[in-house]
Each structure stands twice: as C-alpha cells, then as structure tokens.
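Here the structure comes first, spelled out in structure tokens, and everything after it is commentary.
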Amino acid sequence: MKMVKILALSALLSVGAMADETLALNMSQMENGLSNVQKGFLYNAPALIKGGVSEIQKANALFHNVDANKKYLPKDKQHMSNIAFNAAKRIDSASADLLKALNKKEYSKASQSYSEIVNACTACHAVVRGW
C-alpha cells in the first residue's frame, strides 16, 4: 500500500513538472513572438511582424481549452481557468485584426492590435500572479 502511494505521488509530481515545463516553453515562445512583432514595427519589417504573429498564435493555442488550462495554473488559481481561456480568445481576435490591418498597410491600427495582444496577456498575468 505504501508503495502504491509513493508511485501515485511520483506520477502526480511528474505531471506537474511536465505542465511547468510546457508552460515555460510556451511563454518563451509567446514572448519571442511578441518581441518579433515589436521589432517588425520598429524596423518597418512586415514579414517579421507576420512571423511574430504566427509564433503568438501557435503558442496561444495551448489555452484554447478552458478545462486543460487548469493544469498550468497554481492550485489556488485553477478555478479561474476561464481567464486564461478568455485571454486566449482576445489574443486570437487581436492577432487576426493585426494581420488584416498590416495587409492593408494600416500600421497604426496594426500597432493598436498589438497593444490589445499585450493587454490580454497582462490581464491573465495579473490574475495568475496576483498583481
């Protein structure tokens, strides 16, 4: 019986560690995408902006399931997994708007959409990190 408890605890800790690694990698990809979008605006490089948006969208897909989001949140915040889900929807919408504006060469509007992406990220982080 004792061995079963130890194995169960080990499995639980392994799942938690994998979730932490997945989240760290995902946030790194999200940050890289945001950085590339910003650099694209600064250096007038639409291709860099599009590549950055693509990175953001790929990383954001992790949060498209409200129930799956729970494993990436601290235990005391898991009941708020809908916040990550709603932030993901906001990021999807703003990134689509950014690309539409960029294709129309409406750079100011595209930049506003980039700000919306950052605001969605910040809204989630504010809750998760207790800002």
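Considering only residues of region 87-96 that are open to solvent by less than 70 Å² (accessible area, probe 1.4 Å) and free of Cβ contacts under 8 Å to residues at least 24 places away in the same chain, which is farthest from the chain's Cα centre (by Cα)?
So the residue we want is A96.
Need the failing condition index for G16 against (1) out of contact with any Gly (no Cβ under 9 Å at 6 or more places or on another chain); (2) modelled with pLDDT of 95 or more; (3) surrounded by fewer than 16 Cβ atoms within 10 Å (Cβ to Cβ); (4) of a type outside the set (A, V, I, L, M), just the number.
It is condition (2) that G16 fails.
Taking region 97-114, which residues are part of a helix (DSSP H, G or I), surrounded by 13 or more Cβ atoms within 10 Å (Cβ to Cβ) and not basic (K, R)?
D97, L98, L99, A101, L102, Y107, A110, S111, Q112, S113, Y114
For region 120-131, enumerate the residues that are open to solvent by less than 80 Å² (accessible area, probe 1.4 Å) and among the hydrophobic types (A, V, I, L, M, F, W, C).
Within region 120-131, A120, C121, A123, C124, A126, V127, V128 meet the criteria.
Return the residue satisfying two criteria in turn: it lies in region 23-66 and is aromatic (F, W, Y) and in contact (Cβ under 8 Å) with a residue 12 or more places away in the chain, and of such residues it is surrounded by the fewest Cβ atoms within 10 Å (Cβ to Cβ).
Here the residue is F41.
Could you tell me which residue of region 38-62 is farthest from K104 (Cα to Cα), considering only residues that are hydrophobic (A, V, I, L, M, F, W, C) and out of contact with any Ser or Thr (no Cβ under 9 Å at 6 or more places or on another chain)?
A61
Looking at this structure, is Y72 modelled with pLDDT under 90 and of a type in the set (F, W, Y)?
Judged against the criteria, Y72 is a match.
Can I117 be described as within 15 Å of the chain's Cα centre (by Cα) and either touching a residue at least 12 places away in the same chain (Cβ under 8 Å) or buried (at least 19 other Cβ atoms within 10 Å of the Cβ) (or both)?
Criteria met by I117.
The values are calculated or read from the model by the stated rules, or taken from the named source; none is laboratory data. Nothing here was measured: the structure is a model prediction, and the numbers come from that model. Using ideal geometry, Cβ is built from the backbone for each residue, glycine included, and neighbour counts are taken over all protein chains shown. Side chains included, ligands, DNA and RNA excluded: accessible areas come from the protein's heavy atoms. Shrake-Rupley method; radii C 1.70, N 1.55, O 1.52, S 1.80 Å.
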